[in-house]
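The values are calculated or read from the model by the stated rules, or taken from the named source; none is laboratory data. Keep in mind it's a predicted model, so treat the numbers as computed, not measured. All Cβ positions, even for glycine, are placed from backbone atoms using ideal geometry, and neighbour counts span all protein chains on display. What goes into the accessible areas is simple: the full protein's heavy atoms, side chains included, and nothing from ligands, DNA or RNA. Shrake-Rupley method; radii C 1.70, N 1.55, O 1.52, S 1.80 Å.
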Amino acid sequence: MYASREDIGYDFGDDSKVGSKPVKPNPNIDGGWAWMIVLSSFLVHILIMGSQMALGILNMEWLEEFNQSRGLTAWVSSLSMGITLIVGPFIGLFISMCGCRKTAIIGGILNALGWILSAYASNVHYLFLTFGVTAGIGSGMVYLPAVVMVGQYFQKRRALAQGLSTTGTGFGAFLMTALLKYLCIEFGWRNAMFIQGAISLNLCVCGALMRPLSHKDIVSEKYVVRSNSEDNQAKVLSHSAETIKSNGVLSEESEKKEAATNEEVLDSVQHIEIGGKSRSGRNMYGLRILKTVSQLTVTVRKGFAIWYSSYFGAASLFTNRVFVAFIIWALFAYSSFVIPFIHLPEIVKQYNLSSQNNIFPLTSIIAIVHIFGKVILGIISDLPCISTWNVFLMANFTLVTCILTLPLMQTYVSLAVVCALIGFSSGYFSLMPVVTEDLVGTKHLANAYGIIICANGISALFGPPFAGWIYDITHKYDFSFYISGLLYMVGIIFLLIQPCIQKKQPREKSTEEAQV
């Protein structure tokens with residue numbers, strides 16, 4: 001259980017005014033257009049995450065085409081997946097300046113451009129730039145807004161909404177694998193990438209569906225959350241609120257001063273424009289350009305100020321120790337989920353289980369159960385008597401136990417059972433945005449979740465190569481699972497220790513004051 005976003009102290013402005021007068025709940029919160037946001041996010045997960053999980057088809061084509069080593073060729077896929085997540089903090093800056101809709105549309109164009117340019121690749125290094133970097137950055141610019149928008153539109157059923165939207169990853173893994181395999185057979189891998197680039201332009205449509213909430217909607221949302229705060233599960237991590245508040249938050253006065261300064265700039269330009277009406281049309285055109293540039297400058301400055309304060313200011317997200325522990329956990333968690341997808345085929349071959357695995361691959365079992373895990377864990381977490389934090393921790397414990405015991409299984413049935421548990425427990429991915437939002441608030445969700453997925457990206461980028469390096473030394477896959485599982489356990493311990501420390505400190509302080 002953890003503190004709700006209003007308890008954390010990250011809502012800038014006078015919250016007492018918001019809660020003093022009842023505001024009619026907006027129908028788009030937890031309903032109405034909110035479900036279109038879920039659909040948009042679902043399609044984004046299909047087109048981005050699903051495509052990345054199907055890159056094994058293209059990897060085989062690249063090996064045959066360019067005759068490079070498996071390690072070098074594999075970096076193309078690793079760069080694409082890693083950069084998609086690593087650029088999260090910088091995408092948070094774009095969201096602060098331009099909003100989720102514009103960021104996602106630009107990202108859709110960039111992602112499609114990366115796919116299309118990759119169709120003309122002459123070597124693997126060319127793919128590093130076009131597919132790994134260009135398409136990867138584009139994917140990140142669409143993925144983060146898709147997650148953030150669901151968090152903004154849902155309060156009562158956030159976990160369920162995130163679970164439904166992220167199931168697109170599992171569906172996309174099946175759809176995109178079949179699609180890319182068919183396109184490569186019928187048209188060749190170059191034309192397949194060109195066609196996939198055209199399909200990726202639908203990400204722009206998904207971005208257009210991300211209609212931003214108006215200020216009135218946000219005020220309404222704040223009141224609804226406050227009126228139901230007693231029913232929230234946010235109790236155990238409420239100590240993180242004191243940490244952030246004690247380290248300072250951007251005051252309302254500073255915002256008012258900045259807003260007043262911005263208005264003065266625009267007003268001065270408007271006065272110049274009015275005075276210039278008596279002048280020639282050429283001068284009027286120049287003044288309009290000056291006004292547009294001034295408005296753009298104000299927007300950029302305001303967005304950068306919010307982004308900078310979240311990371312480096314007095315109200316930095318890093319002053320929240322629980323959030324820092326969450327980042328450390330994310331550095332080790334994602335690789336434990338990715339490694340089985342890479343090494344399971346080789347393990348099956350070592351145990352002479354290829355015939356059974358060909359009928360129903362173990363990786364397919366993980367993907368299928370993963371879909372149900374996200375939805376079921378989301379439904380359970382939204383129950384009023386259930387703590388989302390506890391569900392999140394239990395799923396993590398189950399997953400790390402499966403990772404550590406998987407090397408001990410040597411029959412297809414036992415491996416299938418463990419893989420099913422891995423798929424179900426890894427459904428906690430749908431709870432990550434919910435936990436993040438409850439730690440830092442909706443306003444800082446974009447920047448905070450950007451940091452979390454950046455940590456996941458580092459894990460995805462270096463985790464599998466590290467596991468392969470361990471295999472080269474020991475000539476066994478067992479140690480890869482053991483080491484990744486132990487590192488994962490370290491991250492979970494950080495999540496458990498920090499709340500206890502934070503909860504203990506206020507008690508010690510109050511005791512000292514009583515003695516004085």
**Request:** Report the accessible area of Thr130, computed with a 1.4 Å probe over the heavy atoms of all protein chains in place, in Å² rounded to the nearest 10.
**Result:** 10
**Item:** Cα-centred dipole magnitude for segment 314-505, charges only on beta-carbon of K, R (+1) and D, E (-1), debye, nearest 20
**Value:** 280
**Fill in**
In whole Hz, the Karplus estimates of ³J(HN,Hα) for segment 34-45 (6.51, -1.76, 1.60; θ = phi - 60°; x where Gly or Pro) are 4, 6, 5, 5, 4, 4, 4, 5, 4, 5, 4, 5
**Prompt:** What accessible surface, in Å², does a 1.4 Å probe find on Leu404, ignoring ligands, DNA and RNA and rounding to the nearest 10?
**Reply:** 50
**Item:** Exceeding the 20 Å Cα-Cα cut-off - candidates Lys349/Lys374; Lys349/Lys476; Lys181/Lys374; Lys156/Lys374
**Value:** Lys349/Lys374; Lys181/Lys374
**Item:** Exposure of His370 as accessible area (Å², to 10), given a probe of 1.4 Å and all protein chains
**Value:** 10
**Prompt:** Given labels modelled 7 Å from the Cα in the Cβ direction, how far is it in nm from Thr411 to Ile386?
**Reply:** 3.2
**Request:** Find, to one decimal place in angstroms, the Kirkwood hydrodynamic radius of segment 314-505, where the mean of 1/r is taken over every pair of different Cα atoms and then inverted.
**Result:** 17.5
**Message:** Can you compute 3J(HN,Hα) from phi for each residue in segment 73-84, using the Karplus curve 6.51 cos²θ - 1.76 cosθ + 1.60 with θ = phi - 60°, rounded to whole Hz and x for Gly and Pro?
**Reply:** 5, 5, 5, 4, 5, 5, 5, 4, 5, x, 5, 3
**Prompt:** In whole Hz, what ³J(HN,Hα) sequence does segment 433-444 give by Karplus (6.51, -1.76, 1.60; θ = phi - 60°), x for Gly and Pro?
**Reply:** x, 5, 4, 4, 5, 5, 7, 10, x, 5, 5, 9
